[in-house]
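In what follows, a single structure is set out as structure tokens and then discussed.
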Amino acid sequence: MSGVTLSRWTMSYFAVALFCLMGALTLMGLGFGFPAADVSAPQTLLVVHLVGIGWLSLLMCGALFQFVPVLIARPLHSDSLPLTTLVCLVGGLVLLLCGFLHLSGWPGPPAVLPFGGMLLVAGFALALYNLGRTLWAARPLAMPARFVTVGLASLAATALLGFCFTLFFGGLSSSPLLVRITVRGLPLHVVAGLGGWLTFTAMGVSYRLLAMFMLAPEPDGPGTRAALWSGAAALTVIVVGGLVAIALRYEPEWALIAGGLLALGAVVLYGRDILRLYRARKRRVIELNSRMAGVALFHLAAGVMLALVLVGTGTLGRHVAPLVFLAAFGWLTGLGLAKLYKIVAFLTWLECYGPVLGKADTPRVQDLAVEGRAARWFWLYFAATDFAVLMLFAEAAGPVRLGAAAMLIAVGAIAYELLRIRRLADVPLTCRLPQGTSRPHLLVLLVPQA
Amino acid sequence: MTTTFVDVDVRPTLRAGGEPFGEIMAAVNTLPPGHGMRLLATFKPVPLFSVLGSKGFMHEEREIGGGDWEVLFSPREAVSEATAPSVSAADDTDWPAPAREMDNRDLDPPEPMVRILAATEQMQPGEVLSALLCREPMFLLPELAKRGHSWRGGFDEDGSTYRIRILIGGAAESQQ
């Protein structure tokens with residue numbers, strides 16, 4: 001029982017992630033990708049991976065390096081590996097994006113795509129090794145950490161499937177199996193990434209963070225266990241079952257339908273847990289991050305309902321873009337931004353004032369942030385996202401660009417708020433830097449060890 | 001290195017409606033150095049994992065049928081003195097009674113940490129602070145280590161309250 005220290009590189013992950021999110025929204029605002037281009041056009045793939053890897057995956061990795069140790073009450077296996085991991089991931093992403101540009105007609109060597117895929121696989125393998133060793137040492141795992149473990153397994157599946165695609169598109173291999181996986185395996189890649197890696201991990205971490213910040217008992221009953229097993233089974237059926245079907249020259253649709261039903265069960269059980277958690281909280285007036293996490297959770301529920309309607313009406317194929325957009329921006333990005341707002345303030349406070357707590361007058365965590373000012377940007381973000389989802393249904397390119405531009409303004413303003421938190425800009429001067437403290441570095445968390 | 005395990009079977013006590021915690025802790029306190037404990041219980045004793053973890057034991061549990069559980073508690077070989085000075089300390093009886101007690105269970109994080117650190121700054125070396133929390137104070141522990149205090153902590157049997165006791169200047173004393 002040695003406690004948990006601050007993860008040195010987490011802020012760097014967050015900064016690069018926000019940069020990628022704003023880059024992707026800028027591209028969308030400029031009309032790059034769907035709906036101006038086809039949904040599977042290289043331009044669309046570029047934006048999708050800038051969001052999926054650059055924003056969401058880096059955000060999640062940075063958060064996990066800090067919070068997996070909190071979930072299991074053990075230190076991270078290596079506090080230096082995350083930097084190498086970040087370099088691999090960013091390098092791999094840049095090459096991958098260049099590869100997509102090349103596919104869309106830009107000059108460049110075709111092999112850049114598989115090299116990007118290889119670097120990304122290396123980066124994610126390092127993250128999985130570091131987090132996997134950390135989790136392995138803490139068995140038996142508490143419920144949130146089990147969700148994270150399933151999420152990490154899905155990350156491995158997503159990265160490997162993506163790497164297969166880059167081998168084909170980069171012209172390095174054209175084996176019949178690889179061609180079949182590339183042609184039929186895209187839904188498996190999307191479900192493993194958005195559903196398994198990002199959503200399932202976010203669900204696990206949210207159990208602990210929401211309970212912690214709202215003073216509520218952490219769900220750990222049969223319903224939570226059923227959500228875990230149902231979700232894990234859904235992902236296994238979709239990814240493993242789907243791949244077996246593709247290898248045996250069957251359509252993977254049956255695996256998607258069976259897995260979808262299991263996933264529906266998992267999300268319903270999770271939703272029931274979270275509703276109970278919000279109701280059972282001891283803290284009646286909740287902070288902005290918990291309120292906005294609630295709005296993001298509402299978008300998750302809306303996404304599930306929408307998926308059911310689209311499957312029921314046989315229009316999922318036609319409207320997959322707004323559904324994915326709703327999941328990526330309404331749910332995952334909404335939750336990510338909400339939690340960032342709390343996490344950055346908390347980590348900065350702990351880094352700066354932890355060493356002098358009790359020895360000098362220090363501000364409270366909430367003194368680092370101005371919630372009233374940030375709240376309106378969060379509302380603008382969610383309103384613009386919902387508007388963009390509706391316009392994507394109509395495939396109205398102009399209004400979608402308008403929505404993306406409004407989202408960019410909101411995200412830029414939230415990023416500026418995070419910058420102010422990190423710079424202690426809103427802390428009263430009288431207690432901003434008491435003796436023994438120094439202004440935190442923007443991108444690296446530095447805490448002297450015992 | 002193979003660990004020798006001392007058997008402690010609390011199933012009869014539990015089936016008779018008794019409370020086995022004292023029996024278990026007594027057995028732990030009399031374990032020879034380097035020995036582990038093989039505990040047999042009628043349920044998975046999750047709260048014990050933290051309590052014995054704070055005393056330097058790793059655990060490995062398995063269900064052995066009929067709803068019974070076997071848990072092997074083995075001594076952790078390499079515990080960092082710098083980060084966990086309390087673990088190297090002897091049993092509970094060598095610490096004085098708490099000079100100050102706090103109930104921080106209903107406070108928003110990180111207020112419990114703030115109050116505990118403020119109290120430790122006001123107390124004298126050798127005094128003990130006892131505090132109740134609703135979670136394991138993950139970020140507090142490294143700060144206590146940096147300030148030279150020892151601590152012992154763990155969840156109560158129902159798993160809802162974490163009780164920490166802090167010996168002011170304890171780490172510095174143990175190194176002298």
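Rule-based calculations on the coordinates, nothing more; no lab input. Everything numeric in this text was worked out from a predicted model, so none of it was measured. All Cβ positions, even for glycine, are placed from backbone atoms using ideal geometry, and neighbour counts span all protein chains on display.
Per-structure values
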| read-out | value |
| --- | --- |
| Calculated SAXS-style log₁₀ I(q)/I(0) at q = 0.13, 0.14, 0.17, 0.20 Å⁻¹ - region A:182-267, Debye, Cα scatterers | -0.46, -0.52, -0.69, -0.86 |
| Options A:352, A:321, A:380, ranked by Cα towards positive dipole end of region A:317-425, top entry (Cβ charges) | A:352 |
| The protein assembly as shown: antiparallel DSSP beta bridges as a percent of all, rounded to 5 | 70 |
| Cα-centred dipole magnitude for the protein assembly as shown, charges only on beta-carbon of K, R (+1) and D, E (-1), debye, nearest 20 | 1360 |
| Against the rule of thumb 2.2 N^0.38 Å, how large the Cα Rg of region A:317-425 comes out | 1.34 |
| Filter on A:282/A:339; B:55/B:146; A:339/B:55; A:282/A:342 - keep pairs with C-alpha separation over 29 Å | A:339/B:55 |
| Stokes-Einstein D in µm²/s, Kirkwood radius over Cα pairs - region B:85-175 at 4 °C with 1.567 mPa s viscosity | 99 |
| Shielding score for A:73-79, defined as the mean number of other chain Cβ atoms within 10 Å | 2 |
| Choice from A:344, A:90, A:179 with maximal GNM fluctuation in chain A (Cα, 10 Å cutoff) | A:179 |
| FRET efficiency for residue A:394 and residue B:76, using Cβ-Cβ distance with R0 set to 60 Å, rounded to 0.05 | 0.45 |
| Gap separating the Cα centres of region A:292-340 and region B:24-48, nearest whole Å | 49 |
| Paired Rg and Dmax values of region B:5-75, which use every Cα atom, in angstrom | 11.3, 33 |
| Shielding by other protein chains, B:140-147, mean Cβ within 10 Å | 6 |
| Value at 222 nm in deg cm²/dmol, rounded to 500, when DSSP H runs of n ≥ 4 in chain B each add -39,500 (n - 2.57) | -7000 deg cm²/dmol |
| Neighbouring partner chain Cβ atoms per residue of B:106-113, average, 10 Å criterion | 4 |
| Dimensionless Rg/Rh of chain A - Kirkwood Rh, Rg from C-alpha atoms | 0.96 |
| Among beta bridges that DSSP assigns inside chain B, antiparallel share in %, nearest 5 | 75 |
| Radius of gyration, Dmax [region A:91-216; alpha carbons; angstrom] | 17.4, 56 |
